[in-house]
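Okay, so here's the structure we're looking at.
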Amino acid sequence: MTESQRPSGEYPMYPSYGNGDAAYPPPPSYRPAQPIATGPGTTVWPGGHGSDGHGGNGGDGGPGFPPPAPQEPAAPRHRARRPVALLAAVAIAAAIVGGGTATVIEQLTGNSSNSASSVIPGTTVSQSSKGTVAGVAKAVSPMIVEINATSTAGESTGSGVIITSDGEIVTNNHVISGASSIKVQLSSGKTYTADVVGTDPDKDLALIKLQGASGLKTATLGDSSAVAVGDQVVAIGSPEGLTGTVTSGIVSALDRDVTVAKEDGSGQGQGGQGGGEQWPFEFGGRQFNGDTGNSTTTYKAIQTDASLNPGNSGGALINMSGEIIGINSAMYSASSSGQSSGSSAGSVGLGFAIPVNTLKADLDTLRAGNGS
């Protein structure tokens, strides 16, 4: 048997590593585990070893205990701003949603913060009715009146437009020319006596004023220079004595040279009378609806296909914002001048109105009682 060479009571000797000296403990047969880095200043070894590497307390709770759970790495500083940005985005989104909700509520309830926007400035036409014949008619009809003038030639019926709350009314000169008395009926049915303030036969315009009137609704005078061919219009008047009749159409031409009679008592149907009277005028050297007489005047007119009939004379031609753009003054009837007045065929879509800018330029003259 082989004898042991180890001296009694001695530990065995191990081979040296590199320098010939004994090494303790011997190198493991596997790669040593590497320390696990956690938070700053702490190292945890696999197997429960603490930072002293000897399996003692070393801050790991002692041998046999599991190592403490690794600490969560500290978040980079720039990430701390994310909640702030998120909150800001949420706040912006909330503001947008809130504003949109408020707008929807205003649209549904009609409670706009700007109450003035519900009515077109300078008129009584509501925004919701703007551009409709019904809206214009409802708003402007109270400002259009029926005029009944009595003269030596008989009685005539025409229309007029209220322009001041105390009863100034614009109409055609041929409606009231030579009248000994003038009665005016409002859309409400109330009747007033009126006096002539001023006339301008050359422009076929006249201004009358009601006696004892106040608090009347007044029409808004627009701008006839802004009128274009094809614009939709509404006409309101009292054709054949039918008070407050509303018709509609378009502007079919501009700057028509229309000639009408300006003398009184000519017997050609002054004022666009009811009772089948004619409404004589000249255009292009030809006479229509009867003889205009020897004393005439010519003006540039707005042509419209809105239906006009005897009695519309002096009434309003209105744009779709409820503004007066012309004073109706003449119309073409299909009946010939040789036929009796009772056989008039009425309007065929050729009506004419004095531009409102002509009226506005003439108001001071009319109010002064002057005329040509």
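Below are the figures for this structure:
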item: Per-peptide average of other Cβ atoms within 10 Å, ordering 304-312, 195-203 highest first; result: 304-312, 195-203
item: Positive minus negative residues near residue 209 (Lys, Arg vs Asp, Glu; Cβ under 9 Å); result: -3
item: Shape category assigned to segment 127-268 from the gyration tensor of Cα positions, a/c cut at 1.5; result: oblate
item: Solvent-accessible area of residue 350 with every protein chain in place, 1.4 Å probe, in Å² to the nearest 10; result: 70
item: Charge context of residue 222, other residues only, Cβ under 13 angstrom, K/R +1, D/E -1; result: -2
item: Backbone HN-Hα couplings from phi across segment 304-319 [Karplus 6.51/-1.76/1.60, Hz, Gly and Pro as x]; result: 9, 9, 4, 5, 10, 9, x, x, 6, 4, x, x, 9, 9, 10, 7
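The values are calculated or read from the model by the stated rules, or taken from the named source; none is laboratory data. Because the structure is a prediction, the values reported are computed rather than measured. Cβ sites come from the backbone with ideal geometry, for glycine too, and all protein chains shown count toward neighbours. Each accessible area value is taken on the protein alone, full model and side chains, heavy atoms only, with ligands, DNA and RNA left out. Shrake-Rupley method; radii C 1.70, N 1.55, O 1.52, S 1.80 Å.
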